[in-house]
1. Tell me the carbon and sulfur percent of the accessible area for the chain, rounded to whole percent, probe radius 1.4 Å.
2. Please report the net charge: other residues with Cβ closer than 11 Å to the Cβ of GLY102, K and R +1, D and E -1.
3. Take the alpha carbon gyration tensor of region 1-116, find the square roots of its eigenvalues, order them as a ≥ b ≥ c, and report rounded if a/c is under 1.5; if not, report prolate when a/b exceeds b/c, else oblate.
4. Show me 138-144, 32-38 ranked by packing, highest mean number of other Cβ atoms within 10 Å first.
5. What residues have an amide H closer than 5 Å to that of THR216, excluding those fewer than 5 places away on the same chain, when H is modeled at 1.01 Å from N in the peptide plane?
6. Beta carbons within 10 angstrom, averaged per residue: use that to sort the peptides 89-101, 161-173, highest first.
7. With a ≥ b ≥ c taken as the square roots of the eigenvalues of the C-alpha gyration tensor of region 185-236, please select rounded if a/c is under 1.5 and otherwise prolate if a/b is larger than b/c or oblate if it is not?
8. Looking only at Cα atoms, what is the convex hull volume of the chain per residue, in Å³?
Amino acid sequence: MTETVLKWHGHACFDVTTAGSKIIIDPFLTGNPKADIKKEDVKADIVLVTHAHSDHLGDAVEIALKNDATLVTMVELGWTLQEKHSDLKVHAINYSGTVRIGKISITAVNALHTSSLDGQYAGNPMGLVFGDKFKIYHAGDTGVFGDMELIRDLYHPEVSLLPIGGYYTMHVKEATLAASLLKSKYTIPMHYNTFDAIKSDPNLFKSEVEKTGNSTVIIAEVGKEIRFDESGKRLD
Ligand code: NI
Ligand code: MN
């Protein structure tokens, strides 16, 4: 039985070990006041980036280059990064597109947000659904949108990682509806309390979502492992 182990590094950065691969998503470590690790400490086979904003792209390129890992992101951002770093391994996909790396499939889904790099348009933002049998949905930065139901119907993520900090993304009210549209077994809040602008209460989110009966909320602690068995049941 293969376990899936997920760890939050603050803001929208998670690392996930599943089906023999080490994956890091939105590795904003340098300059992230909540981060528990440095970019030098990261071991990764796959680096996922939802969009170009600096609190998501973060240290992604350096981590990918150092680990000889493949970076997966949106077409225009992928091409731009590839142009700047010819030795970077990139898969530049687009909505509903899937790439498979080892046993891991990675699919781009919608995100209601914007994306820019050094003030220039850098391709649309996206959410990502990834994993082998055990699927995780990382929403990236997003507002709530009705087509989250399509993500549920198509990919059935066991875990959804949802922003709840407001200002740039959903706050508790919107993210509670998102959790009900997605109906993942587990929902983990992210993208809150990193900065003053994105204050939120994860305990309120947990009680609001669990009132609906549509998902169980796990409040991640930075640096602490959250483990799941192959059937999608939480261990510990
Ligand atoms: Ni953003
Ligand atoms: Mn952000």
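1. On the way: 5020 of 10130 Å².
On the chain, the fraction of accessible area on carbon and sulfur atoms equals 50 percent.
2. Working: positive: LYS22, ARG100, LYS103; negative: ASP45, ASP132.
Cβ neighbours under 11 Å give a net charge of +1.
3. Values: a/c = 1.31, a/b = 1.07, b/c = 1.22.
Note, shape of region 1-116 comes out rounded.
4. Numbers: 138-144: 25.4, 32-38: 16.1.
Highest to lowest by the protection proxy: 138-144, 32-38.
5. HN-HN under 5 Å from THR216: TYR186, THR187.
6. On the way: 89-101: 15.8, 161-173: 22.9.
In descending order of packing, they fall as 161-173, 89-101.
7. On the way: a/c = 3.15, a/b = 1.39, b/c = 2.27.
Cα axes put region 185-236 in the oblate bin.
8. On the way: hull volume 25.9 nm³, N = 236.
Expressed per residue, the convex hull around the Cα atoms of the chain is 110 Å³.
The values are calculated or read from the model by the stated rules, or taken from the named source; none is laboratory data. Predicted model, so just to flag it, every value in this text is computed and none were measured. Positions of Cβ are backbone-derived with ideal geometry, glycine not excepted, and every protein chain shown enters the neighbour counts. Accessible surface areas use protein heavy atoms only, side chains included; no ligands, DNA or RNA. Shrake-Rupley method; radii C 1.70, N 1.55, O 1.52, S 1.80 Å.
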